[in-house]
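The structure under discussion appears below in the form of structure tokens.
The values are calculated or read from the model by the stated rules, or taken from the named source; none is laboratory data. In this text the structure is predicted, and so the values were computed from the model without any measurement. Ideal geometry is used to build each Cβ from the backbone, glycine not excepted, and the neighbour counts take in all protein chains shown. With ligands, DNA and RNA removed, areas are computed over all heavy atoms of the protein, side chains included. Shrake-Rupley method; radii C 1.70, N 1.55, O 1.52, S 1.80 Å.
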Amino acid sequence: MSEFDKVRRLDTGRVPPVFFPLLIGGLLLATLILLAPVFVWGPVIAVAALAGLTLVLRRTFRRAPPREFTYVPDAPPSTEVGRITEVRLPSNRPDYFFVFSANVVWTRSNGIAEGSAVNLDAIARNAIVRRARDIVRRWDPEHVSLVAHELACALAEMQPDATGRVRAVAQAVKLSVPEDDRRRLDELATVRKTEAVWEHERKQEQSRRRYLGEDALKDQGSAVVWWLARNDGQLDGTAEHIDVLKELADVANNVQPPPEPERSAADHFGAMLDRLGLSTDDPQRNLVAREFADTVAHNGHPDVADEIKARFDPPRTPDDADMPGSAPRPEPWPPSDNDR
């Protein structure tokens, strides 16, 4: 394409769209004026003039298009980043604390000029530490993982500090408990669980003891009924356990058995004779009793000797001495020095 064609195309592109209709209309009008009579082209000229005037008026008084407004946002304020490293924060338990670390993103408030002689970074970090302290001081250190999520959510909003100089937010929040404290907390939790189990077992034992003492074994009859209930009401063999059940009921209610009568020396001596097989109709029984009584009297216990003789060797009448099988009386022991 030649340079002439390029210029012609550019010029053609810049011609208004109404130029060609006007040009054609002008040529037609000139032809009518030259060739047609006046009564023909006169109305045509009037109509064309009226149309041209209308077109000019419309273009002159046409409503202007509305202006377009474009919103240009303000430039965001510049931010700074600080760091909080392993700050101890109190918990709701004495002597137990949280360890807090985070990145602090902050920006100066409106009206605070740059280069002012104030450490705004320290103010921002202090504001985040105060906000974190107010949150974690209500929590138990055993719930550190849950508190960490709560704290990260609470510090995720840009808020002004108490002086209104900076606005700060925390990122990369970390919260932990020292390892020694965590181990102690685990041990305390284990002890509490064990104690709870022991307390439950103790209450269960108390309930069982109360049931046995106040209901099942409150008396001998209740003990028998309790035995029948435990054995599905089977009467066979129950009579064999009645004495044991009575004894259990008495012991459960601190009922002391009746005291046995105190046994004398003669009672014990009689039991010994029975163990030796010397029955009451055996003449050797009286002989052994007399010899034992004399021995006891010789050793300084005449009252015991008299009791043994009175029970096992009573004085005999002349008729008793003549009876066959009666044992002769032995010679008495020589008197001791205490009898002289």
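The accessible area of HIS241, taken with all protein chains in place and a 1.4 Å probe, comes to roughly 70 Å².
Find the accessible area per residue for the range 120-190; the probe is 1.4 Å, ligands and nucleic acids are left out, and the unit is Å². Working shown, then result.
Details: 4040 Å² over 71 residues.
About 57 Å² of surface per residue is accessible.
Just so you know, the Rg over Rh for the range 151-223 is 1.55, from Cα atoms, with Rh as the Kirkwood radius. Of the listed residues GLU262, GLU247, GLU80, the order by accessible area with a 1.4 Å probe, largest first, is GLU262, GLU247, GLU80. Per residue, the average separation of C-alpha pairs within less than 8 Å and at least 6 apart gives the range 134-180 a relative contact order of 37 percent.
In the range 109-188, Cα pairs under 8 Å separated by at least six residues give a relative contact order of 34 percent.
Compute the Kirkwood hydrodynamic radius of the range 192-300, taking the inverse of the mean of 1/r over all pairs of distinct Cα atoms, and give it in Å to one decimal.
On the way: mean 1/r = 0.0522 Å⁻¹.
Roughly 19.1 Å, rounded to one decimal.
Per-residue extension of 0.36 nm, minus the Cα-Cα distance of ALA265 and ASP180, leaves a gain of 23.1 nm for this segment.
Exposure check, 1.4 Å probe, all protein chains in place: GLU179 carries approximately 120 Å² of accessible surface. Couplings 3J(HN,Hα) of the range 251-258, computed from phi: 5, 5, 9, 6, 8, 6, x, x Hz, in residue order, whole Hz [Karplus 6.51 cos²θ - 1.76 cosθ + 1.60, θ = phi - 60°; x for Gly and Pro]. Suppose R0 equals 51 Å. What FRET efficiency, 1/(1 + (r/R0)^6) with r the Cβ-Cβ distance, do ALA189 and ASN254 give to the nearest 0.05? Rounded to the nearest 0.05, the efficiency is 0.75.
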